[in-house]
Amino acid sequence: MMPLMLSLLLFLSARDTDRPKVGDPAPDFEAQATGDQTIRLRDLRGQWVVLYFYPKSFTPGCTTQACTLRDAYEKIQSLGAVILGVSLDDLETQERFKAEYKLPFDLISDVHGEIARAYEVLADNGRYARRVTFLIDPEGRIAHIFEKVDPARHDREVYETLKRLQVSRKS
């Protein structure tokens, strides 16, 4: 029993070392998004990016999170940030979700989990992405990671953290 436990711990700790960390370059990607767009992370250099992963469109927690970010969109955008939501839902579902809740930001369809895999947020054998948000700075580096996201408060956490990070960079 002990060797199995040790193997599991080694496997889990090795996986954690693969996860991008604060200060690391954000893994680049190119993906289909709502509005018939192709989003390339590298094209967003010079701007802050709020890259939020969520498990599934139209579920209660994901809808709450998307709507709080929608309601704070102008405040977050005033800090020079772009918001992008990512789930493993297909593009048609992302389009419906965006339209139904009048989301002013784009949603990325990561059907094969390639982006979620690059950010190490896949869960349940790749069936969905965990709820994790990465703040990416204008140079393309990860500036902050929200590992535990409260969907109802996430907009405030993102806004306050972005503000704090921008102030600390100016000092």
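The values are calculated or read from the model by the stated rules, or taken from the named source; none is laboratory data. On a predicted model such as this, the values are computed, not experimentally measured, just so you know. Positions of Cβ are backbone-derived with ideal geometry, glycine not excepted, and every protein chain shown enters the neighbour counts.
General remarks:
- Residue tally, condition under 14 Å from the mean Cα position of the chain (by Cα) and closer than 24 Å to ARG156 by Cα, over segment 23-40: 1
- ARG156 among the basic types (Lys, Arg), at pLDDT 95 or above and more than 19 Å from ARG40 (Cβ to Cβ): yes
- Among helices (runs of 4 or more DSSP H) entirely within segment 44-115, having at least 2 residues that are among the aliphatic types (A, V, I, L, M) singles out 60-71, 91-100.
- Options ALA116, ALA72; residue that is closer than 12 Å to PHE53 by Cα and either crowded, with 16+ Cβ neighbours inside 10 Å or without any contact (Cβ under 8 Å) to a residue 24 or more places away in the chain (or both): ALA116
- When segment 133-164 is filtered for residues that are among the basic types (Lys, Arg) and touching a helix residue (DSSP H, G or I) at 6+ places or on another chain (Cβ under 9 Å), the ones remaining, listed by number, are ARG153, ARG156.
- Qualifying position, being free of Cβ contacts under 8 Å to residues at least 60 places away in the same chain, over 20 Å from ALA72 (Cα atoms) and assigned to a helix (DSSP H, G or I), among ARG169, ARG164: ARG169
- Count of segment 147-161 residues, restricted to those that are in contact (Cβ under 8 Å) with a residue 40 or more places away in the chain and under 14 Å from the mean Cα position of the chain (by Cα), is 5.
- Among the residues of segment 51-97, those identified as of a type in the set (Phe, Trp, Tyr) and either under 12 Å from ILE108 (Cβ atoms) or modelled with pLDDT under 95 (or both) are TYR52, PHE53, TYR54, PHE97.
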